[in-house]
Amino acid sequence: HGKVIDRTPEEVVGSFGKPDAIENASEGPRYVYLKKTFNPENMNQVDDKTIVEFGKDKDGKVVCVDVSYM
């Protein structure tokens with residue numbers, strides 16, 4: 001989770017690969033990853049769906065603001 005917060009979309013794709021889907025939300029894009037593990041501390045458990053949400057930081061740069069696991 002902490003590995004993607006404040007990262008740009010390009011950095012997230014560089015680390016985790018292309019998302020399975022991209023949803024356009026008013027705040028910014030949401031990258032949807034299916035069956036990917038983002039949390040090695042969680043005994044490498046595979047999350048069904050991980051949503052990486054992007055928004056603008058105080059400088060107007062698009063960065064990851066939230067990650068949710070389904």
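One residue stands out in segment 1-16 among those that are open to solvent by less than 60 Å² (accessible area, probe 1.4 Å) and either farther than 14 Å from Asp66 by Cα or not in a loop (DSSP other than H, G, I, E, B) (or both): the one that is modelled with the lowest pLDDT, namely Phe16. Listed by first and then second residue, the pairs linking a residue in segment 52-70 that is open to solvent by 50 Å² or more (accessible area, probe 1.4 Å) to a residue that is part of a strand (DSSP E or B) and of a type in the set (Gly, Ala, Ser), with Cβ atoms under 6 Å apart and 6 or more places separating them unless they lie on different chains, are Val65/Gly55. When restricted to residues that are assigned to a loop (DSSP other than H, G, I, E, B) and more than 13 Å from Arg7 (Cα to Cα), segment 17-59 contains 20.
Considering only residues that are among the acidic types (Asp, Glu) and crowded, with 16+ Cβ neighbours inside 10 Å, which ones fall in segment 18-51? Residue satisfying the conditions is Asp47 alone.
The values are calculated or read from the model by the stated rules, or taken from the named source; none is laboratory data. Here the structure is a predicted model, which is why all the values come from computation and not from measurement. FYI the Cβ positions are ideal-geometry reconstructions off the backbone, even for glycines, and counts take in every protein chain you see. Calculation scope for accessible area: heavy atoms of the full protein, side chains included, ligands and nucleic acids excluded. Shrake-Rupley method; radii C 1.70, N 1.55, O 1.52, S 1.80 Å.
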